[in-house]
Amino acid sequence: MKAYILFQTDVYKSKHSRVCFGVFSSEVKAIDAAKENNLYTDQAEVVIIECEINQFEEV
């Protein structure tokens, strides 16, 4: 099973600027949440990371 983690970051997509906004069951739901909450701006980017649950790994 997979989970999708929604982050907002700076325009350079640096890891230290990431802010987590939620974990979703599908990528479509994550995109819809980003749009509903106006996370897409000219000064920020949205990053969605797909993760396999119940496995140990660094994100």
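The values are calculated or read from the model by the stated rules, or taken from the named source; none is laboratory data. Bear in mind the structure is a predicted one, so any value in this text is a computation, not a measurement. Here Cβ is always computed from backbone atoms with ideal geometry, including for glycine, and neighbour counts include all displayed protein chains. Accessible surface areas use protein heavy atoms only, side chains included; no ligands, DNA or RNA. Shrake-Rupley method; radii C 1.70, N 1.55, O 1.52, S 1.80 Å.
Number of residues in region 18-51 that are in a strand (DSSP E or B) and closer than 11 Å to residue 5 by Cα: the value is 12. Residues in region 1-23 that are at pLDDT below 95 and touching a Lys or Arg at 6+ places or on another chain (Cβ under 7 Å): 9 alone. When residues in region 29-42 are screened for being under 14 Å from residue 9 (Cα atoms) and open to solvent by 90 Å² or more (accessible area, probe 1.4 Å), 3 of them pass.
A count restricted to region 1-33 and to residues that are hydroxyl-bearing (Ser, Thr, Tyr) and under 10 Å from the mean Cα position of the chain (by Cα) stands at 2.
Of all the numbered requirements in (1) open to solvent by less than 40 Å² (accessible area, probe 1.4 Å); (2) modelled with pLDDT under 95; (3) not acidic (Asp, Glu), residue 26 misses one, and that requirement is (2).
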